Amino acid sequence: MSKRFYITTAIDYVNGQPHLGHAYEKVITDVIARSQRSLGKEVFFLTGTDEHGQKVQQAAIAEGKPPQQYCDELAAVWKDFAKKLNLSKIPCIEVKGQCAGFLYGMQISNSLILTGIYKKILLIGAEVHTCLFPYEPLKPILEGTNEEISRENYEFNTKFRDRMVLFGDGAGAFLMEKGSDGEGILDSLLYTDGNFIEKLYIKAGGSKSRPYFSKKDYEDGSIIPILEGREVYKLAVTLMTEVVLEILEKNGLKISDIDLLLMHQANLRINEAVQKRLGLPNEKVYNNIQKYGNTTAATLPLVYYEAKKEGKIKKGDLVCFVALGSGLHWGALLYKE
């Protein structure tokens, strides 16, 4: 079974708020510093791009800034950090699974390790949502300065405040290798249903547009996520509950066998509803969305790291990861500590 043998996370703050900063650089530097002797030619890197299609690099091997190249941003980021990693020509791919992206990355990593293609995989989940909303200038938002924001700009962004307050910036990573039988990733179930794409998506951008992004897209707010909150809430509660029960049944387990349930941190009400439907007590669920907001691809490594740090995950515990995101993509994964 694939076993996680090191995990680190990083969040950058200004005035108590997550921001663009250098979270990417911190998380990769931390991984390298603590596990340098374990890295070698058999390492494979899994990365991704921002959930909302803005092509802000979703990899902890990025500096805290969008790459200059739109089409080849992965190579551009890799170039900047290859020297720090002391690795060149190591393969690196991106995974676009939105809020379920890290879960998809865990399954892909497990498969590549079990088939013997790679011995070690560095799986990274990171998001920079600060750039998503079109404040100009950004400096007062990112650094808390007193630089004036025009009334027109303020009023325009206020229209999207219902979504702006939901998201945060963050980064986390798992360094994975094969472990002993009965530990690590035991099983996973993943699903996608494109019929629900318009419940949570960005209208602008992509090959359907000419050009990919236009001035009009920014002016009319088409670059801002469309979120049908009530519909997404109902779908998330139903599908996340169902997939947890399904993966347990598939493996001959009961809900009482779970020692800790770690859910994607998008909405505390969603997580509380899933917990209630599954009949799990508070001590078997851990949330940290109240600290960071929805960091999408970074939520699972962040919530795992903090739960373990607080002593809520012990050797031999059965941990169930579950997530749902835009697409819709969703799934569950069983992990033995």
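Bear in mind these aren't lab numbers, they're just calculated from the coordinates by the rules spelled out. Values in this document were obtained by computation on a predicted structure and should not be read as measured data. Neighbour counts are summed over all protein chains in view; Cβ atoms, including those assigned to glycine, are modelled from backbone coordinates with ideal geometry.
With the convex hull drawn over the C-alpha atoms of the stretch 165-208, the volume per residue is 200 Å³.
For the pair ARG277 and ASP317 in one chain, pulling the backbone fully straight at 0.36 nm per residue adds 12.2 nm over the alpha carbon distance.
Between SER207 and GLU183, what FRET efficiency follows from the Cβ-Cβ distance if R0 is 41 Å, with the result rounded to 0.05? The calculated FRET efficiency here is 0.45. Residues of the stretch 275-308 with backbone nitrogen within less than 20 Å of a virtual label 7 Å along the Cα-to-Cβ line of ILE255, please, listed as ranges. Only 275-287 pass the distance filter. Taking a ≥ b ≥ c as the square roots of the Cα gyration tensor eigenvalues, the stretch 272-317 comes out oblate, since a/c reaches at least 1.5 and a/b does not exceed b/c. DSSP beta bridges fully contained in the stretch 192-336 are about 65 percent antiparallel.
The ratio of the alpha-carbon radius of gyration of the stretch 164-237 to the globular-protein estimate 2.2 N^0.38 Å is 1.64. Sequence-distant contacts, meaning Cα pairs under 8 Å at least 6 residues apart, place the relative contact order of the stretch 192-336 at 30 percent. Ranked for footprinting exposure by Cβ neighbours inside 10 Å, fewest first, LYS120, LYS315 give LYS315, LYS120. Counting only Cα atoms, the stretch 204-305 measures 53, 30, 24 Å along its principal axes, largest extent leading.
Counted by neighbouring Cβ atoms within 10 Å, the residues VAL128, VAL244 run from fewest to most as VAL244, VAL128. Taking 0.36 nm per residue of sequence separation and removing the Cα-Cα distance, the LEU166/GLU147 pair yields an extension gain of 4.4 nm. Counting other Cβ atoms within 10 Å as a rough exposure proxy, the listed residues MET263, MET240, MET164 run MET164, MET240, MET263 from fewest neighbours to most.
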